[in-house]
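Comments concern the structure below.
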Amino acid sequence: MTAEDMRQRLEAISERIAAAAARAGRKKEDILLVGVTKTMPAELINLAAECGLRDFGENRVQEYRAKQAEVGFDVRWHIIGRLQTNKAKYIAGRVHLIHSVDSLRLARELSRQAVKAGRSQDILIEVNIGGEDSKGGVAPSELSGLCRDIAPFPGLKVRGLMTIPPQSGDARRFFAAMYQLFIDTADKKIDNISMDYLSMGMSGDFETAIEEGANIIRVGTALFGERKAKE
């Protein structure tokens, strides 16, 4: 892929973001695009960064760590995949945002590692909005309790919610339910819990997600092409 190819792809996605935002009475600038780089080489990250993209999401901690040293731009890293507790020490206080916190145990370890590093870490609570056994995320009914339990942890700041809707369902319905949960959680005014970000929507449905209230979208295939098969 050339720099011109990447620039054109970014411009096309930006135009789609702007149109979706306008349909919802919002501004393009209110939407943060995170380029999902799972299995993609660092060269593509550098190419996208050269074209102006600054936020990149990795599903696996080991991929983030490997690519971090190869990226020659000042970028912001997001961890968006399911996170094992034993990987917390590698990212707590070191990445811009962790999207996939879904248990008290994980939050506690992230807090411990952030404090140990003398840093703070912003996180999102992942919600399993479709109740799928195959996916991580807290059940909607358990969200408030988890937020209240995490709130006192030093070194952590809950900044919002994340979800991945069922592929076979009506994405708009799930996005709308997620936005209502986002608003309801904000209305509870829990100390140390702020609903600043709602991360939902990927290559195939990000426009619908924006129309239903997302302000972070995670786009991989539409930007970088099909994922590379792991060797």
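Assorted remarks:
- Among Lys188, Lys27, Lys89: highest mean-square fluctuation, GNM of the chain, C-alpha pairs under 10 Å: Lys188
- Normalised by the number of residues in the chain, the average gap of Cα pairs under 8 Å and 6 or more apart makes the relative contact order 21 percent.
- Largest mean-square fluctuation among Gly93, Gly35, Gly204, in a Gaussian network model of the chain whose springs join Cα atoms under 10 Å apart, belongs to Gly204.
- Read-out Kirkwood radius over Cα pairs in Å, derived from the coordinates shown; its label in [x] 18.6; [y] 17.9; [z] 19.1: [y]
- Under 5 Å from the amide H of Val138 lie the amide H atoms of Glu126, Val127, Asn128, each residue being 5 or more positions distant or on a separate chain, with H modelled from the backbone and absent for Pro and chain starts.
- Of all aspartates and glutamates in the structure, those lying under 20 Å Cα to Cα from Lys27, and not within fewer than 8 positions of it along the same chain, are Glu11, Glu15, Asp55, Asp196, Asp205, Glu207, Glu211, Glu212.
- Charge dipole of the chain (Cα centre as origin; +1 on each Lys and Arg Cβ, -1 on each Asp and Glu Cβ, all else neutral): 740 debye, rounded to the nearest 20.
- Extension gain for the segment Asp170 to Arg108, taken as residue separation times 0.36 nm less the Cα-Cα distance, is 18.9 nm to one decimal.
- Each residue was assigned an accessible area with a 1.4 Å probe, and for Arg23 the value is about 140 Å².
- Taking the charge dipole of the stretch 27-149 about its Cα centre, with +1 at Lys and Arg Cβ atoms and -1 at Asp and Glu Cβ atoms, the residue from Leu44, Leu97, Leu32 reaching farthest to the positive side is Leu97.
- Per-residue ellipticity at 222 nm from helix content only, as computed over the chain with -39500 (n - 2.57) for each DSSP H run of at least four residues, stands at -11500 deg cm²/dmol.
- Largest accessible area first, the listed residues Tyr64, Tyr179, Tyr197 line up as Tyr179, Tyr197, Tyr64 when surface is computed with a 1.4 Å probe on the assembled protein chains.
- Rounded to the nearest Hz, the phi-derived 3J(HN,Hα) couplings of the stretch 134-142 under the Karplus curve 6.51 cos²θ - 1.76 cosθ + 1.60 (θ = phi - 60°) are 7, 10, x, x, 7, 5, x, 5, 9, where x marks glycine and proline.
- Distance in nm between pseudo-label sites at Lys189 and Thr221 (7 Å out along the Cβ direction from Cα): 4.4
The values are calculated or read from the model by the stated rules, or taken from the named source; none is laboratory data. Please read all numbers here as calculations on a predicted model, not as lab measurements. So basically every Cβ, Gly included, is an ideal-geometry build from the backbone, and we count neighbours across all protein chains shown. What goes into the accessible areas is simple: the full protein's heavy atoms, side chains included, and nothing from ligands, DNA or RNA. Shrake-Rupley method; radii C 1.70, N 1.55, O 1.52, S 1.80 Å.
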